[in-house]
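Here is the structure we will look at.
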Amino acid sequence: MPDNRFTPITGIDSHAHVFSRQLTLATARRYTPGYDATLEQYLGHLHAHGLSHGVLVQPSFLGTDNRYLLDALRQAPQRLRAVVVLERDASAAEMGDMARLGVVGVRLNLMGQALPDFSDTAWRSFFGRIAELDWHVELHAPMADLPVLLRQLIPFGVKLVIDHFGRPDARLGLDQPGFAELIEGGPGGQVWVKVSGIYRLAATDQQNLEFARASLSLLEQSFGPRRLVWGSDWPHTQHEQDVDFATVAGQLQALQCSPSLMHALTVQAPRELFGF
């Protein structure tokens, strides 16, 4: 039965996944889960860490079958929003039905993929439907690919949300290809960045954290605190043996944010972006 009770916002986790190993997985995938990540487990983690709301993101290994994700929305509609994965020909009616359940965006996972030609008519129509719904496009792509992606997508007028600091390689520092262009995207007011996945930044734990601190400082200067959001990335796929919710909660504290920035990352910015 859906939980329709009003829950005051104490903190919003802007990036997490739910799934079951019993689901039919996409044929082309980089990862196969050997466990379940249920909504009950996720809500338990939120409660344990003083968080009230969350944004669920369709995992790539489920492809465009969003049924499990949508069912989670039905169970806790006041506390959850979601980002789906869709084919370009998804209809306005289908997308409208999803919006009424709490879907607020579409994810493009381009890790390990050839970059699409977004000038294609089908893409232009797809982004038009996204703009009409006031959804965002979430980009999961390597840092070096972000400049060309941003140049192609910004003219569509849709909100853009960059996953996991833009997936930089912390070993390459702040001068790596793509980082300057990401920083330059701040003043336009159309791009948000997820402060998440610090453990995915390719270096040692200490190097990853140091890079995250330095890049967050630059991101705050360029984007302002109201276009930066924090996410747990639970259940930390491909890193489950070394990372848990307590790990990422600790990494958030280790960023040494000011109280105002912490409030922006976990309450103010995600509340506005995701429509809580």
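The values are calculated or read from the model by the stated rules, or taken from the named source; none is laboratory data. Since we're looking at a predicted model, the values are computed, not measured. All Cβ positions, glycine included, derive from the backbone under ideal geometry; neighbour counts span all protein chains shown. Remember, those area values only see protein heavy atoms, side chains included, never the ligands or the DNA or RNA. Shrake-Rupley method; radii C 1.70, N 1.55, O 1.52, S 1.80 Å.
Conditions tested, residue by residue: (1) under 21 Å from Thr24 (Cβ atoms); (2) within 19 Å of the chain's Cα centre (by Cα).
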| position | (1), (2) |
| --- | --- |
| Arg67 | yes, yes |
| Arg74 | yes, no |
| Ala99 | no, yes |
| Leu110 | no, yes |
| Ala114 | no, no |
| Leu133 | no, yes |
| Leu139 | no, yes |
Across (1) of a type outside the set (D, E, K, R); (2) open to solvent by less than 30 Å² (accessible area, probe 1.4 Å); (3) over 27 Å from Gln41 (Cα atoms), Phe245 clears everything bar (3)
Within the stretch 139-155, identify whether any single residue is more than 22 Å from Gln251 (Cα to Cα), crowded, with 17+ Cβ neighbours inside 10 Å and basic (Lys, Arg), and answer yes or no. no
Residue pairs within 8 Å by beta carbon, gap of at least six or interchain, first lying in the stretch 91-111 and farther than 13 Å from Pro77 by Cα, second of a type in the set (Val, Ile, Thr) and assigned to a loop (DSSP other than H, G, I, E, B), listed first then second, are Val106/Val85; Arg107/Val85; Asn109/Val85
Per-region count, the stretch 162-205, residues touching a Phe, Trp or Tyr at 6+ places or on another chain (Cβ under 8 Å) and free of Cβ contacts under 8 Å to residues at least 12 places away in the same chain: 1
Residues in the stretch 20-28: is at least one of a type outside the set (A, V, I, L, M, F, W, C), surrounded by 16 or more Cβ atoms within 10 Å (Cβ to Cβ) and assigned to a loop (DSSP other than H, G, I, E, B)? no
I'm trying to understand the selection: among the residues of the stretch 220-251, which are without any contact (Cβ under 8 Å) to a residue 40 or more places away in the chain and assigned to a loop (DSSP other than H, G, I, E, B)? Gly224, His236, Gln241, Asp244
Of all residues in the stretch 76-112 being polar (S, T, N, Q) and surrounded by fewer than 15 Cβ atoms within 10 Å (Cβ to Cβ), the one that is nearest to Phe274 (Cα to Cα): Gln78
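Of these, Arg74, Arg29, Arg79, which one is basic (Lys, Arg), at pLDDT 95 or above and out of contact with any strand residue (DSSP E or B) (no Cβ under 9 Å at 6 or more places or on another chain)?
Going through Arg74, Arg29, Arg79 in turn, just one is basic (Lys, Arg), at pLDDT 95 or above and out of contact with any strand residue (DSSP E or B) (no Cβ under 9 Å at 6 or more places or on another chain): Arg74.
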Inspect the stretch 200-209 for any residue being open to solvent by less than 20 Å² (accessible area, probe 1.4 Å) and more than 25 Å from Lys159 (Cβ to Cβ) and give the result as yes or no. yes
So if I check each of Phe118, Phe127, which one is over 20 Å from His164 (Cα atoms), open to solvent by less than 30 Å² (accessible area, probe 1.4 Å), at pLDDT 95 or above and not small (Gly, Ala, Ser)? Phe127
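Does Ser215 satisfy the condition of being among the polar types (S, T, N, Q), more than 17 Å from Met111 (Cβ to Cβ) and either surrounded by 15 or more Cβ atoms within 10 Å (Cβ to Cβ) or touching a helix residue (DSSP H, G or I) at 6+ places or on another chain (Cβ under 9 Å) (or both)?
On the way: among the polar types (S, T, N, Q): yes; more than 17 Å from Met111 (Cβ to Cβ): yes; either surrounded by 15 or more Cβ atoms within 10 Å (Cβ to Cβ) or touching a helix residue (DSSP H, G or I) at 6+ places or on another chain (Cβ under 9 Å) (or both): yes.
Yes; evaluated as a whole, the condition is true for this residue.
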